[in-house]
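The structure under discussion appears below in the form of structure tokens.
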Amino acid sequence: MKKSNNLIQKSLFLIVSLVMAANISANDRYYFQVNAKATPTGSGKVYVSRSYVPMGNIQENKKNEETEYLWYAENKGKAATSRFHLYAFPNEGYAFKNWTKGDHVVSLMKHCSLSERSTSKDIDNPAIFEYTANFVEKGAVSVYSNNESAGTVIIDNPENNIGDVVKLEAITDIFIGDFLGWIRGSVDFENVDLKSLDFVSTDKEYTFTITEENQGEYYAVFNSRSEQGLYCMVSNYKTHHCMGIRGVSEYTLSDDQRYFRNSVELIPIDKAHSTPAAVVKITGEYDGVGGIPQAEYISQGFSSINIAGSKYANISRYFRIEPYSTETYLTYAEGSGYTGYWREYREKGAKNFYDDNEELLGPIFHPWTGNASVIEKDHQWQILPLTEELMEENYFGAEPKEAVTQDGKYLTTMYTSFPYKCMDGVKAYTVDKYLKNARVHIKEIESDTVPAFTAVILACNGTTAKENRLIPLAEDVPALETTNYLKGEIWLDDESGDPDNFRTRFDAKTMRIFSNDKAAFVNRNNRDTANGDTLLTYIANNTCYLELDPHKAALPQYTLTTEDDPEATLLGDVNGDGIVNVTDVIAATNMTIGITPSVFIFENADVNKDNEVTITDIILIVNISLGKNN
């Protein structure tokens with residue numbers, strides 16, 4: 001029997017209108033009506049809502065074979081766009097097939113979120129949209145999800161029979177859950193370790209031929225993830241550039257120049273895979289269908305809210321994220337009273353870290369419709385999750401220089417604003433002490449997880465990011481309880497014009513930089529190949545430098561080792577050959593006049609232990625070589 005609340009809803013609208021009669025609204029009301037039905041009769045029920053409701057929370061008396069849902073949306077223009085939710089519930093013995101609008105399939109999922117556009121201001125003549133939930137008799141194989149909030153399922157042929165080939169597909173909500181695998185038959189999901197289940201497949205798309213033995217119910221098992229946020233890359237559909245934070249400002253939040261657009265950096269995808277600036281953390285309140293109405297973006301330790309404050313005039317401090325198709329998500333900026341899609345454009349002569357012609361976000365495009373599928377591709381920004389499950393396709397990793405090797409590994413340094421887990425056999429090290437012979441001791445982080453803002457040396461298997469993947473972690477990782485002489489740098493442009501505000505200048509007296517051509521910390525800064533192959537004035541972004549021990553004389557170069565110094569020392573044995581003779585005198589003399597010996601043990605050369613090598617030590621070494629030990 002058809003259930004209609006149309007008359008009641010109209011009455012409520014009239015009452016609200018009378019109550020608000022004294023208030024003059026600047027916006028017009030546009031009316032929508034969705035008519036949803038289940039077919040064939042007796043196969044299932046439907047429910048329509050303007051806001052998200054978990055499927056398990058929808059009461060039985062709200063579900064009907066047919067329903068009408070009337071509402072309005074306000075807008076200043078000639079039309080309004082509004083989003084709504086459709087829910088389908090199969091009856092016993094039936095399976096859901098799809099949602100259709102006329103002859104077009106609009107969704108293969110029981111719960112979907114759609115949007116429509118209305119030009120009608122007449123409550124008695126709203127814009128009407130007809131949707132049908134199609135059900136079929138359950139086949140030899142049927143599919144279910146253990147957690148509809150974390151993910152849903154699709155079967156390509158719900159009317160299947162023994163002998164048919166079927167494809168099961170698990171669709172994860174990237175902000176809520178991870179897909180673990182498929183099981184045949186049901187278990188007590190609330191009281192079992194989901195990861196220990198006997199999965200018949202761990203592939204999201206599972207295809208097989210139905211037999212007498214393998215027919216039955218199949219469950220896609222999803223694990224709910226922490227709600228602390230999702231790390232991802234935000235990539236432009238047209239240019240494939242990724243969004244990151246390039247600059248911040250000391251302006252007050254009320255200053256007119258505090259726009260988030262001014263701080264956005266666009267990074268080519270080939271560089272984004274190894275650039276921590278392209279790793280964005282998204283947080284916000286989930287809307288139930290893969291969307292976040294007000295999402296905060298965090299990159300390089302700075303958030304969109306920190307940068308833009310409450311200013312809406314250019315680009316909002318918040319972003320909106322909505323599902324576009326199966327496991328594809330789009331994001332756009334939401335301004336005051338309107339929705340604006342970012343558009344990438346070129347600005348001639350502007351400075352850019354990666355390109356001569358700067359790629360910026362803007363100007364804002366204001367579409368009449370909220371349906372992202374009709375917006376040009378350069379307005380579309382795709383969310384690419386950086387999770388262990390998806391790291392084959394979307395990945396972040398380290399890219400060492402080919403010449404920087406030691407013990408068969410490629411070495412580089414890394415400093416990020418987020419914690420991460422090392423994959424592919426990558427090992428992370430800190431520098432915990434200075435050794436003799438101009439060496440530093442590196443200590444492995446045994447857990448393979450690196451806390452945020454921790455400077456490390458990474459030992460990698462190759463020179464590409466995909467060979468040395470690092471998975472950003474949403475959960476906090478405790479700080480290391482160890483001495484670390486490595487310091488890191490995340491430098492950003494300062495919009496107020498002070499280049500030293502968010503950067504660190506190289507200082508030869510207090511630091512050594514990790515070389516680009518050998519596994520050592522050296523007394524020079526590396527060259528900036530992106531800007532005319534000139535010497536860098538500042539420590540390179542997201543790299544580490546060695547903080548010199550203030551109690552020891554600064555040497556030009558420090559090599560790396562995992563071995564400790566032997567206990568015994570021989571004062572005066574500057575070159576470490578076990579005897580004190582004229583070669584040690586020459587080595588010490590060369591060091592004092594600026595000529596660095598190939599081997600130089602500072603602890604043995606500093607005979608009088610005043611933390612420097614001078615003419616006094618040379619005289620003492622001469623005396624030791626002549627047997628005058630006193």
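It is to be established whether one or more residues within the stretch 544-561 are open to solvent by 60 Å² or more (accessible area, probe 1.4 Å), within 23 Å of GLY301 (Cβ to Cβ), at pLDDT below 90 and in a loop (DSSP other than H, G, I, E, B).
Initial filter on the stretch 544-561 (open to solvent by 60 Å² or more (accessible area, probe 1.4 Å)): 547, 550-552, 557.
Right, trim to within 23 Å of GLY301 (Cβ to Cβ) and you get 547.
Of the ones still in play, those that are also at pLDDT below 90 are none.
The answer is no; no qualifying residue exists.
Taking each residue of the stretch 28-47 that is of a type in the set (Lys, Arg) and looking for partners that are buried (at least 24 other Cβ atoms within 10 Å of the Cβ) and in a strand (DSSP E or B) with beta-carbon atoms closer than 6 Å, six or more apart or interchain, yields LYS45/ALA38.
Of all residues in the stretch 212-233, count the ones that are assigned to a loop (DSSP other than H, G, I, E, B), surrounded by 14 or more Cβ atoms within 10 Å (Cβ to Cβ) and modelled with pLDDT under 90. If you could, list the steps in order and put the result at the bottom.
Taking the stretch 212-233 first, the residues assigned to a loop (DSSP other than H, G, I, E, B) are 212-215, 225-229.
In the following step, the residues that additionally are surrounded by 14 or more Cβ atoms within 10 Å (Cβ to Cβ) were identified as 214-215, 225, 229.
Cutting the leftovers down to modelled with pLDDT under 90 gives us 225, 229.
Counting residues in the stretch 212-233 that are assigned to a loop (DSSP other than H, G, I, E, B), surrounded by 14 or more Cβ atoms within 10 Å (Cβ to Cβ) and modelled with pLDDT under 90 gives 2.
Across the stretch 434-461, what is the number of residues that are on the phi > 0 side of the Ramachandran plot and over 21 Å from the mean Cα position of the chain (by Cα)?
Let us first name the residues in the stretch 434-461 that are on the phi > 0 side of the Ramachandran plot, namely 437-438, 448, 453.
When the remaining residues are screened for being over 21 Å from the mean Cα position of the chain (by Cα), the result is 437-438.
Matching residues across the stretch 434-461 total 2.
Counting the residues of the stretch 457-503 that are open to solvent by 40 Å² or more (accessible area, probe 1.4 Å) and either in a loop (DSSP other than H, G, I, E, B) or under 21 Å from ALA278 (Cβ atoms) (or both) gives 24.
Scan the stretch 157-186 residue by residue and report those that are farther than 26 Å from LEU390 by Cβ and surrounded by fewer than 17 Cβ atoms within 10 Å (Cβ to Cβ).
ASN157, GLU159, ASN161, ILE162, GLY163, ASP164, VAL165, GLY185, SER186
Residues of the stretch 471-502 being hydrophobic (A, V, I, L, M, F, W, C) and under 18 Å from ILE298 (Cα atoms), which ones? Within the stretch 471-502, ILE471, LEU473, ALA474, VAL477, ILE490, TRP491, LEU492, PHE502 meet the criteria. Out of ASP577, ASP573, ASP617, which single residue is open to solvent by less than 70 Å² (accessible area, probe 1.4 Å) and in a loop (DSSP other than H, G, I, E, B)? None of the other options fit; the residue is ASP573.
Screening the stretch 153-211 for residues that are part of a loop (DSSP other than H, G, I, E, B), within 25 Å of the chain's Cα centre (by Cα) and in contact (Cβ under 8 Å) with a residue 40 or more places away in the chain and picking the one that is nearest to ASN394 (Cα to Cα) gives ILE174. When the stretch 580-603 is filtered for residues that are farther than 26 Å from ASP407 by Cα and not in a helix (DSSP H, G or I), the ones remaining, listed by number, are VAL580, ASN581, ILE593, GLY594, ILE595.
Yes/no matrix, rows are residues, columns are (1) assigned to a loop (DSSP other than H, G, I, E, B); (2) open to solvent by 20 Å² or more (accessible area, probe 1.4 Å):
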site: ALA36; (1), (2): no, no
site: SER51; (1), (2): yes, yes
site: TYR69; (1), (2): no, yes
site: LEU86; (1), (2): no, no
site: CYS112; (1), (2): no, no
site: PHE135; (1), (2): no, no
site: TYR144; (1), (2): no, yes
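Contact annotation: residue pairs with Cβ atoms under 6 Å, 6 or more positions apart or on different chains, pairing a residue in the stretch 457-470 that is closer than 11 Å to LYS401 by Cα with a partner that is in a strand (DSSP E or B) and of a type outside the set (Asp, Glu), are CYS460/TYR410; THR463/TYR410. Every condition in (1) open to solvent by less than 40 Å² (accessible area, probe 1.4 Å); (2) without any contact (Cβ under 8 Å) to a residue 12 or more places away in the chain is met by SER447 except one, and the failing one is (1). Filtering the stretch 124-133 to residues that are surrounded by 17 or more Cβ atoms within 10 Å (Cβ to Cβ) and either β-branched (Val, Ile, Thr) or under 29 Å from LEU180 (Cβ atoms) (or both) leaves THR132, ALA133.
So, ILE154, is that one over 30 Å from GLU74 (Cβ atoms) and surrounded by 20 or more Cβ atoms within 10 Å (Cβ to Cβ) or not?
Numbers: over 30 Å from GLU74 (Cβ atoms): yes; surrounded by 20 or more Cβ atoms within 10 Å (Cβ to Cβ): yes.
Here the answer is yes, as ILE154 does meet what is asked.
A count restricted to the stretch 158-175 and to residues that are modelled with pLDDT under 90 and either over 20 Å from LEU108 (Cβ atoms) or touching a Ser or Thr at 6+ places or on another chain (Cβ under 6 Å) (or both) stands at 2.
The values are calculated or read from the model by the stated rules, or taken from the named source; none is laboratory data. Given the structure is predicted, the values throughout are model-derived calculations rather than measurements. In this analysis, Cβ positions are derived from the backbone assuming ideal geometry, glycine residues included, and neighbour counts consider all displayed protein chains. The protein model used for the area step is the full one, side chains on, heavy atoms only, and it has no ligands, DNA or RNA in it. Shrake-Rupley method; radii C 1.70, N 1.55, O 1.52, S 1.80 Å.
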